[in-house]
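**Student:** Next up is a structure, given as structure tokens.
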Amino acid sequence: MWADADHTEKKKLPVGIESFEKIRREGFYYVDKTAMLRDLLRQWGEVNLFTRPRRFGKSLNMSMLKAFLELGCDRTLFEGLEISKETALCEKYMGQFPVISISLKGTGASDFETARALMCSVIGNEALRFLFLLDSDRLSEQEKEMYRKLVRVVPESPDNFEMSDDVLMRSIRTLSELLQKHFEKKTIILIDEYDVPLAKANEEGYYEQMMLLIRNLFEQALKTNDSLYFAVLTGCLRVAKESIFTGLNNPKILSITTVRFDEYFGFTDAEVREMLKYYGLEDRYDTVKEWYDGYRFGNVDVYCPWDVISYVDDLTDDPDIPPKDYWSNTSSNDVVRHFIEKIGDGLTKSEIEMLAAGETVTREIHEELTYNRLYDSIDNIWSVLFMTGYLTQRGKPDGNGIRLTIPNREIRKIFTGQIMEMFKAQAGRDGAALNAFCNALKSGNVEEAERLFESYLGRTVSIRDTFVRKPTKENFYHGILLGILGFKDGWFIRSNQEAGDGYADILIKIESEDIGIIMEVKYAEDGDYDSVCRRELEQIRKKDYTAALEEEGCRIIYSYGVACRRKKCRIMVEMTEMG
């Protein structure tokens, strides 16, 4: 456990906790977003849809809404928070409504029947919270039977709920009607991650079936439902109205381009500074900003809260731990792969290179999409990347579109990783070029090695690493070389291996021939390739990088200095022959 200067125990960090009640009751660190309640309750619509990328606090905010609005609300949870200053709103709304709260996050499955069963389970378990309806004096026997149909389990599988199509499609509406009659108060409906079942259905090939189910479920619950006070939905994408929101009376869309509510999903700079100060980590501010900031929602720049909390939590255990990619590990990054694969089909290498360099690309964005058309065109993919947080906006939209950029180092790492994977796949298929390049290296033929390496560079995306304050541009070329050499059978390759008095970029032992290769790779910032190569060869000599290969029995060792810039390279070699 860590402590500050006055030795008081610090609050726990809520890694992966999406329950507002648990965070407040168990003393976890909480970034106060309750002002969202004030803004929503002053200007709510009948149906309110918030779209934000994953891991930006949607589920926690929905949990906060439920905790505040539901009958039996524990008012102590909100003591000292921003919403507690709004006495009139608290009097009118706090603890005043029956609330139906479901999350469709866990309803994705490999087939429609399983997904449908999961949806029945989610709704059935929510209905079980209201078992008192069976004893209600205000419900008729017929209405109680309607409720029983919502909580009826499969006899041979008591963990599963048994609902006919008609019961399932009317389930949320039915529950809202029964709650209204019992409490004589209209119902609030909260549906978190509404589009997850559609996304999974599209991946697995049952999109039309799931779209029909969701459309009917939502039409019944959200359209002409006299028992509805208002509804709030969250999701990653704004699914086109004609797809599942047919007939709804103008749902209020609150997306990442909307100014209202812009600061309530994600952490602001001030909130991050406060958290770092609380845990005594102010010196990590620049790193946290570089890796996890950069998103633009409405008029506010925000950090990804999942990343910040995860990294700060790691830092409290190990103050020297470097930043890492937390966000991409929470879901598939297929959209980036689909994007990279579009090079030459509506997407240019130059656009990818500009994004990877931290620059902007202007494109039109279509916020209304359908999951079964996400990858039909490059225009749709640009829109998906923007809506799901892989790209963000800079400045205001104009008549030409939105200026898009990669938000930070973490997301850039996802893009460059996919670019490198694509290159490796291409390199692995070209066995003739691979053998020619490797033969040139093992014979000291620098002219041929230069020609072939430049040919590889010309076929892939150039990553100009201007994205970071202290560029390490050679990492890209280092990766390209490893991607090529990794396919060569019989070559034992080590990267940044300790050798002699330091670390060589690449060490290779050709086991069947007792030949060793050392490669130092640098970026020729000023275009003076020759001087860079000479410095690299001097470094190899000075730090005695050949020692490791000599100890392993290599009788001939080639030392290469490789200088690169954009699509050009220069290679120099020195050969050492052991006695």
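The values are calculated or read from the model by the stated rules, or taken from the named source; none is laboratory data. What you are looking at is a predicted structure, and each value in this text was computed from that prediction instead of being measured. FYI the Cβ positions are ideal-geometry reconstructions off the backbone, even for glycines, and counts take in every protein chain you see. In case anyone asks, the SASA skips ligands and DNA or RNA and just uses the protein heavy atoms, side chains included. Shrake-Rupley method; radii C 1.70, N 1.55, O 1.52, S 1.80 Å.
**Student:** How about region 445-463: which of its residues are surrounded by fewer than 15 Cβ atoms within 10 Å (Cβ to Cβ), under 37 Å from the mean Cα position of the chain (by Cα) and not hydroxyl-bearing (Ser, Thr, Tyr)?
**Tutor:** Gly458, Arg459
**Student:** If the Cβ limit is 9 Å and pairs must be 6+ apart or interchain, which residue in region 455-483 that is within 13 Å of Val521 (Cβ to Cβ) and hydrophobic (A, V, I, L, M, F, W, C) pairs with which residue that is assigned to a loop (DSSP other than H, G, I, E, B) and at pLDDT below 80?
**Tutor:** Short answer, once both residue conditions are applied: Phe476/Ser462; Phe476/Ile463; Phe476/Arg464; Phe476/Asp465.
**Student:** Quick one: which helices (runs of 4 or more DSSP H) lie wholly within region 395-506 and hold at least 2 residues that are touching a strand residue (DSSP E or B) at 6+ places or on another chain (Cβ under 8 Å)?
**Tutor:** Passing ranges, in order: 431-443, 446-459, 474-485.
**Student:** Taking Thr362 and the conditions (1) closer than 27 Å to Met422 by Cα; (2) open to solvent by 30 Å² or more (accessible area, probe 1.4 Å); (3) in contact with a helix residue (DSSP H, G or I) (Cβ under 9 Å, 6 or more places away or on another chain), which numbered condition does it fall short on, given that it satisfies the others?
**Tutor:** (3)
**Student:** Would you check if there is a residue in region 294-308 being in contact with a strand residue (DSSP E or B) (Cβ under 8 Å, 6 or more places away or on another chain), within 14 Å of Gly57 (Cβ to Cβ), open to solvent by 30 Å² or more (accessible area, probe 1.4 Å) and at pLDDT 90 or above?
**Tutor:** no
**Student:** Would you confirm whether or not region 128-141 contains a residue that is outside any helix (DSSP H, G or I) and crowded, with 20+ Cβ neighbours inside 10 Å?
**Tutor:** no
**Student:** Also, I was wondering about something else. With the condition kept exactly as written, say whether any residue in region 162-173 is touching a residue at least 60 places away in the same chain (Cβ under 8 Å) and not acidic (Asp, Glu).
**Tutor:** Looking through region 162-173, at least one residue is touching a residue at least 60 places away in the same chain (Cβ under 8 Å) and not acidic (Asp, Glu).
**Student:** Another one. Return the pair list, or none, for Cβ contacts closer than 7 Å from residues in region 541-558 that are open to solvent by less than 20 Å² (accessible area, probe 1.4 Å) and part of a strand (DSSP E or B) to residues that are of a type in the set (Val, Ile, Thr) and modelled with pLDDT of 90 or more, at least 6 apart or on different chains.
**Tutor:** Sorted first by the residue in region 541-558, then by its partner, the pairs are Ile557/Ile518; Ile557/Thr546; Ile557/Thr576.
**Student:** Determine whether Glu86 is open to solvent by 30 Å² or more (accessible area, probe 1.4 Å), within 26 Å of Ile309 (Cβ to Cβ) and among the acidic types (Asp, Glu).
**Tutor:** So Glu86 fails the test.
**Student:** Taking into account only those residues within region 466-511 that are at pLDDT below 85 and of a type in the set (S, T, N, Q), which is least open to solvent (accessible area, probe 1.4 Å)?
**Tutor:** Thr472
**Student:** Continuing with this model, one more query. If a residue must be assigned to a strand (DSSP E or B), farther than 25 Å from Met387 by Cα and touching a Leu at 6+ places or on another chain (Cβ under 8 Å), how many such residues does region 219-235 contain?
**Tutor:** Number satisfying all stated conditions: 1.
**Student:** Still on this structure, I have one more. Please determine whether any residue of region 333-350 is open to solvent by 40 Å² or more (accessible area, probe 1.4 Å), in contact with a helix residue (DSSP H, G or I) (Cβ under 8 Å, 6 or more places away or on another chain) and among the aliphatic types (A, V, I, L, M).
**Tutor:** yes
**Student:** Continuing with this model, one more query. Which condition from (1) part of a helix (DSSP H, G or I); (2) within 29 Å of Arg409 (Cβ to Cβ); (3) not acidic (Asp, Glu) is the one that Gly527 breaks?
**Tutor:** With respect to (1) part of a helix (DSSP H, G or I); (2) within 29 Å of Arg409 (Cβ to Cβ); (3) not acidic (Asp, Glu), Gly527 is out only on (1).
**Student:** Give me the residue from region 389-426 that is open to solvent by less than 20 Å² (accessible area, probe 1.4 Å) and of a type in the set (Ser, Thr, Tyr) and, out of that set, farthest from Leu482 (Cα to Cα).
**Tutor:** Thr392
**Student:** Further question: Can Thr234 be described as within 19 Å of the chain's Cα centre (by Cα) and within 30 Å of Pro319 (Cβ to Cβ)?
**Tutor:** no
**Student:** Is there a residue in region 183-193 that is in a helix (DSSP H, G or I), over 21 Å from Leu71 (Cα atoms) and open to solvent by 20 Å² or more (accessible area, probe 1.4 Å)?
**Tutor:** No: zero hits.
**Student:** Continuing with the same structure: For Ser332, work out the one condition from (1) of a type in the set (S, T, N, Q); (2) within 26 Å of Phe476 (Cβ to Cβ); (3) not in a loop (DSSP other than H, G, I, E, B) it doesn't fulfil.
**Tutor:** Every condition holds for Ser332 apart from (3).
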